[in-house]
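Below is one structure, written out as C-alpha cells, with a few remarks after it.
The values are calculated or read from the model by the stated rules, or taken from the named source; none is laboratory data. In this text, all values refer to a predicted model and were calculated from it rather than measured experimentally. Note that we place each Cβ from the backbone using ideal geometry, even for glycine, and neighbour counts take in every protein chain shown.
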Amino acid sequence: MSLPGIGKTDQIKANTKNKELKVKDKIKRIFREQFLKEPLMVFAPGRINLIGDHTDYNSGFVLPAAINRGIFMALAENGTDSCKLVSLDMGEAVEVNLKNSLRPTNTGWANYIIGVMDGLRNQGLEFNGFDAVFGGNIPIGSGLSSSAALECAAVLGISRLSGNEISENDMISIAQKAEHEFAGVKCGIMDQFASIMGKEDNAMRLDCRSLRYEYLPLDLKDCGFVLLDTKVSHSLGNSQYNKRREECCEGLNTIRKKHPKASSFRELTMEMLEDSKNELTEKVYNRCSFVLEENNRVIRAGAYLRSGLGKEFGQLMYASHEGLSNLYEVSCCELDLLVESARRLKPVYGARMMGGGFGGCTLNLIANKGKEKSISQLRQSFETAFGRKPGVYEVNVIDGARII
Ligand code: ADP
Ligand code: MG
C-alpha cells in the first residue's frame, strides 16, 4: 500500500534508501568503535548491464547503469606507515606496510584494495597510513560487479583522504588495473566505468575503444529491472573469462592475415569473418560471430531506449542470452532455465544472463502490471528444477561513486 501522496516507485526508493542508511551507519559505527575516529564515508555502486556482454574487452559497446547496491567504506588516516583493512562481510582484517613494495597477498578481497593503492602510487599520488572498514549490500560474485564497487570505493576514498585531485578517468583505469594485476582478472573497462560514472535513472552507452559515452534516460514508468540470482558462484568463471579473451584475440589475429584492415573487432565485418571461416576453429568462429552480433545489438538497443523500454528492447535481451549461451558458451543450466521460464511469461519483456557468466544473475525487464506474479512464477520454476530458492532483487538506477 502506498502512503498518501507518494507513488509506488517513490516508495520503493524510500524503502531502499532506509536499508542503505542502515548498512552505512553500521560500518561507520564499527569504524568509530575500533579506531576511535570520525571516518570519511564513501559509497561505490555495482552495476547492471542492459545489453552488451564480453564486448568491452573487444573494443565494442556496452550499456550499463549503476545500481543502488554496492560497497560502503569508512576510512581515516592513522599517522603511521601501515594500513589496516577490515572486511566486515568476510570477518577478516589485513595489515599492509607502506614501507614495503605493494604485492598481491593470499587474501583475495584485500588484493582489490592493495592493487588500487599500488595504482595510486604508480601515478605519483602518495598517501599516508590509513585504516579502512568496509562492507556491502551487493551480492558477492553474482555478476553485479561487487569487485569494481570495492575497487572504486577504495580509489575514491584513499585519494580523497590524502587530498589528491584525481580525474574520473584515472580512477577508472587505476581500478581496472588493480583487477588485472592484483586479482588476475583481465576484465574490460565497463564495470569500473559504470561504478564511477553512473547517473540516476540513466543508462550509459559507452564506446570501450574511445571511452566516449552518452547518457540515455531510462523510462521506467511502466516496467522495471529485476535480478534473479542463481546463487551459483562463478569461481570457474575467472579462468574461462581470460580464455574467452584469448580466443577472441586468436580469431582476430587469424582474420587479420587476410584482412589487415581489421585491427580490432570494430573494423571487423561479418563478411571478413565468413571469408576466414575455413582458417578458424568452429569455437573461435562462434566467439567472433557472437561479439559482432552483440555489438550490433547494443547499437540497436540504444535506439530502442530512446523510444522507451519495452518489447523490442526485451527481444534484444533474449537474443543476447542465446548468443552468450550457444556461441560464447558462458551460461550455465541455472541461468538458461531462468531465461527459458521468462520467455513463457507475457509481462517479462526480456531476460538475459549478465556479466562474466557461469552463474550469477539474470536481468529481467518486467512490466509493472503482472510483475509480482511473474517473479513468483520464475521463483517457482527455479525451485522446482533445482530444489532451492533463487535470490530476487529489484534495483534502482543511481549516481556513481561518491563521498556520503
Ligand atoms: P562480482 O564482481 O561479479 O561480484 P567477482 O568474482 O569479480 O564477482 O568479485 C568478487 C570478489 O570481490 C570477492 O571474491 C571478494 O574478493 C571481493 N569482494 C566483493 N565484495 C566484497 C565484500 N563485500 N567484502 C569483501 N570482499 C568483497
Ligand atoms: Mg567482478
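Selection over segment 333-344 of residues that are touching a strand residue (DSSP E or B) at 6+ places or on another chain (Cβ under 8 Å) and buried (at least 19 other Cβ atoms within 10 Å of the Cβ) gives a count of 4.
Would it be correct to say that Ala149 is within 30 Å of Gln377 (Cα to Cα) and in the same structural domain as Ala74 (by TED's automatic domain parsing)? Taking the combined requirement at face value, the residue does not satisfy it. Residues considered: Ile189, Ile140, Ile196. Of these, the only one that is outside the structural domain of Gln240 (by TED's automatic domain parsing) and modelled with pLDDT of 95 or more is Ile196.
The lone criterion from (1) within 24 Å of the chain's Cα centre (by Cα); (2) at pLDDT 95 or above left unmet by Lys84 is number (1).
Listed here are the residues, each with its yes/no results for (1) within 16 Å of ligand 1 (Cβ to nearest atom); (2) closer than 23 Å to Glu394 by Cβ; (3) in contact (Cβ under 8 Å) with a residue 12 or more places away in the chain.
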residue: Tyr112; (1), (2), (3): yes, no, yes
residue: Val116; (1), (2), (3): yes, no, yes
residue: Leu120; (1), (2), (3): no, no, yes
residue: Gln123; (1), (2), (3): no, no, yes
residue: Ile138; (1), (2), (3): yes, yes, yes
residue: Ser147; (1), (2), (3): yes, yes, yes
residue: Gly157; (1), (2), (3): yes, no, yes
residue: Leu161; (1), (2), (3): no, no, yes
residue: Glu165; (1), (2), (3): no, no, no
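Only residues that are more than 18 Å from Cys361 (Cα to Cα) and buried (at least 20 other Cβ atoms within 10 Å of the Cβ) were counted across segment 371-404, and they come to 3.
Scanning segment 150-173 for residues that are away from ligand 2 (no atom under 16 Å from the Cβ) and crowded, with 20+ Cβ neighbours inside 10 Å gives Leu156, Gly157, Ile158, Ser159, Met171.
In segment 338-382, which residue that is closer than 27 Å to Gln240 by Cα and among the hydroxyl-bearing types (Ser, Thr, Tyr) is farthest from ligand 1 (Cβ to nearest atom)? Among those that are closer than 27 Å to Gln240 by Cα and among the hydroxyl-bearing types (Ser, Thr, Tyr), it is Ser341.
Scanning segment 318-336 for residues that are assigned to a helix (DSSP H, G or I) and aromatic (Phe, Trp, Tyr) returns a single hit, Tyr318. Is segment 377-387 home to any residue that is outside any helix (DSSP H, G or I) and in contact with a strand residue (DSSP E or B) (Cβ under 9 Å, 6 or more places away or on another chain)? No; the residues of segment 377-387 include none that is outside any helix (DSSP H, G or I) and in contact with a strand residue (DSSP E or B) (Cβ under 9 Å, 6 or more places away or on another chain).
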